[in-house]
């Protein structure tokens with residue numbers, strides 16, 4: 001009896017609804033990689049469509065593809081296709097959906113892209129306000145002068 | 001585009017230490033990240049097993065007493081922009097007659113040349129150091145002058161090894177004392193290391209497969225029937241203390257008694273992936289040859305590289321290559337009296353020669369690779385006065 005049930009559930013399809021209304025039909029085992037979705041399923045057993053309010057259709061599509069294809073090779077090439085904005089939005093999606101492998105892959109990729117840039121560039125990219133006083137900032141730049149040797153042009 | 005602070009925290013924990021220091025000036029919250037213990041632990045773990053990005057270049061042990069700028073740090077070509085360490089820490093080490101013995105995952109094992117019993121672990125990025133207390137029994141002049149040190153880091157702990165000659169007539173035996181960083185205690189291995197008849201090159205230890213490996217010297221001081229006539233590798237199992245001899249490739253042994261012949265063993269490939277192994281570098285009559293151990297059990301070696309120094313297109317006219325090492329398991333790094341070069345051994349950069357830097361460390365400088373992380377120096381860590 002138990003065997004039959006698990007066989008049925010592994011081919012069960014689920015519908016995910018992105019924030020812009022786009023629908024995605026995915027297999028249960030794919031959806032389960034998103035721990036947030038898993039928790040939703042655990043709470044309400046007979047659900048067919050799960051709303052994903054924070055993620056646009058275009059990003060949800062990318063996330064689902066990642067889960068299906070992830071392996072060392074795929075991960076290495078994955079991040080190259082997206083610009084910085086998309087990477088951040090994908091990271092927010094992965095964070096909301098709680099997919100640890102994808103979160104790590106994206107964090108590493110964003111870190112790689114900013115590591116040689118200037119603090120000004122980083123502020124722009126993450127929309128950060130400089131809340132240092134001019135004196136504080138000057139002090140930091142002096143103390144860590146060696147870290148500013150060799151910065152990529154923005 | 002705005003990311004919440006906890007996500008920025010995650011992203012930044014994947015950055016090399018130099019970038020983290022640079023981005024402190026972005027804003028106040030980010031400047032505080034690297035002060036948090038959790039951040040330091042994450043960053044250290046995220047970078048564990050990653051390629052080393054810099055090289056410590058120092059004069060050889062004997063010359064180091066008479067040279068002022070004793071400790072130089074240079075970035076590898078690929079990592080020029082994103083790696084390094086504070087200059088004032090390097091000056092401090094240089095001025096205080098320090099010799100760097102080994103480095104792993106951001107920790108640097110040093111001792112004071114003028115007072116060798118002063119051994120310490122330091123992290124140039126966090127500017128912290130922790131002194132390693134040397135057991136009384138080792139502190140007598142004779143024993144300590146001949147003691148050999150090694151450093152090994154695992155994900156959450158480090159070990160410092162000291163091999164001391166027990167001075168027994170035969171067979172030669174080295175007692176292995178191990179300092180466990182996390183507990184702060186010394187333990188002695190039950191079975192000593194039996195290196196056989198030859199002198200071992202303790203300066204180039206290789207940690208692999210749960211054992212420490214050393215290559216012997218290759219001087220001609222044994223006669224043919226002796227089992228130690230040919231040079232060899234001796235491994236020391238760190239679990240059970242057994243010493244096992246490994247053969248060298250036949251071509252390496254040929255002509256090894258020649259005075260210009262120098263051989264070294266190093267880690268090959270990535271320790272993390274299953275293709276990791278040992279490799280042997282032979283520099284003889286100005287030609288480099290490299291073999292890797294294809295099959296450990298059967299001791300079968302495969303030659304992967306052979307190149308004359310003259311064919312490398314180096315800048316100097318006087319091509320006196322004196323020291324060499326393998327960095328990150330795939331890069332042959334070697335020094336002339338003035339410059340340090342690298343030669344790729346992997347598919348992508350095979351036989352590509354690059355100049356890394358010029359140096360002032362004289363002939364036969366010591367080359368030790370380094371990765372800048374926020375790794376903790378363990379218990380007893382204090383701030384360096386610099």
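Each reported figure results from applying straightforward, stated rules to the coordinates on display, with no laboratory input. These figures come from a predicted structure and were not determined experimentally. Reconstructed Cβ throughout: ideal geometry from the backbone, glycine too, with neighbour counts over all protein chains shown.
How high is the relative contact order of region B:225-328, in percent, counting Cα pairs under 8 Å that sit 6 or more residues apart? Each step should come with its number before you reach the end.
Numbers: 144 pairs, mean separation 18.5, N = 104.
Across region B:225-328, relative contact order equals 18 percent.
As a check on your grasp of the helix formula, calculate [θ] at 222 nm for chain A: sum -39500 (n - 2.57) over DSSP H runs of n ≥ 4, divide by the residue count, round to the nearest 500. The partial results should precede the final answer.
Working: 9 runs with 89 residues, N = 154.
Value at 222 nm, helices only, nearest 500: -17000 deg cm²/dmol.
Given an 8 Å cut-off on Cα distances and at least 6 residues of separation, report the relative contact order of chain B as a percent. Walk me through the numbers on the way to the answer.
Details: 799 pairs, mean separation 68.6, N = 386.
Reported as a whole number, the value is 18 percent.
For region B:30-87, take the convex hull of the Cα atoms, compute a quarter of its surface area, and give me that in nm², please. Show your work: numbers first, answer last.
Values: hull surface 23.9 nm².
About 6.0 nm², averaged over all directions.
If packing is taken as the mean number of other Cβ atoms within 10 Å per residue, what is the order of A:26-37, B:80-91, B:248-259, highest first?
On the way: A:26-37: 17.9, B:80-91: 19.7, B:248-259: 15.3.
Descending packing order for the listed peptides: B:80-91, A:26-37, B:248-259.
Can you pull the mean other chain C-beta count within 10 Å for peptide B:28-34?
Numbers: counts 8, 2, 7, 6, 0, 0, 0.
The per-residue average across the peptide is 3.
At a 10 angstrom cut-off on C-beta neighbours, averaged per residue, how do the peptides B:227-236, B:20-29 rank from highest to lowest? Please report the intermediate quantities before stating the final value.
Working: B:227-236: 19.0, B:20-29: 23.0.
Ranking, from highest mean packing down: B:20-29, B:227-236.
Specify the angular offset, from 0 to 90 degrees and rounded to the nearest 10, of the alpha carbon long axis of helix A:57-69 from the longest principal axis of the alpha carbons in chain A.
80
State, as an integer percentage, the relative contact order of chain A based on alpha-carbon contacts under 8 Å between residues 6 or more apart. Before the final figure, lay out each step's value.
Details: 134 pairs, mean separation 27.9, N = 154.
18 percent.
Rank-order B:293-306, B:151-164 by packing density, defined as the average count of other C-beta atoms within 10 Å over each peptide's residues, highest first.
On the way: B:293-306: 13.6, B:151-164: 18.6.
Those peptides, ordered most packed to least, come out B:151-164, B:293-306.
Counting only other chains, and only Cβ atoms inside 10 Å, what mean value do you get across the residues of A:106-116?
Details: counts 3, 10, 5, 2, 8, 10, 3, 0, 6, 12, 8.
The mean count of partner-chain Cβ atoms within 10 Å per residue comes to 6.
Across every pair of different alpha-carbon atoms, what Kirkwood hydrodynamic radius in Å does chain B reach? Spell out each step's value before the answer.
On the way: mean 1/r = 0.0454 Å⁻¹.
One over the average 1/r among Cα pairs gives 22.0 Å for chain B.
Report for the protein assembly as shown the percent antiparallel among DSSP-assigned beta bridges with both residues inside it, nearest 5. Provide the component values of the computation, followed by the final result.
Values: 98 of 101 bridges.
In the protein assembly as shown, approximately 95 percent of DSSP beta bridges are antiparallel ones.
Can you classify region B:154-290 as rounded, prolate or oblate using the Cα gyration tensor, where a ≥ b ≥ c are the square roots of its eigenvalues, rounded means a/c under 1.5, and otherwise it's prolate if a/b beats b/c and oblate if not? Walk me through the intermediate numbers first.
Working: a/c = 2.34, a/b = 1.35, b/c = 1.73.
Since a/c reaches 1.5 but b/c is at least a/b, the shape of region B:154-290 is classed as oblate.
Express in whole angstrom the spacing between the alpha-carbon centres of region B:71-99 and region A:64-80.
When both Cα centres are located, 37 Å separates them.
Taking only Cα atoms, what is the 0 to 90° angle, nearest 10, from helix B:37-46's long axis to the longest principal axis of chain B?
Long axis of B:37-46 versus the principal axis of chain B: about 40 degrees.
What is the mean number of Cβ atoms from other protein chains located within 10 Å of the Cβ atom of each residue in peptide B:245-251, rounded to a whole number? Please list the in-between numbers first.
On the way: counts 0, 0, 0, 0, 0, 0, 0.
That average works out to 0.
Based only on the alpha carbon positions, what is the Kirkwood hydrodynamic radius of the protein assembly as shown, in angstrom? Please list the in-between numbers first.
Details: mean 1/r = 0.0382 Å⁻¹.
That comes to 26.2 Å for the protein assembly as shown.
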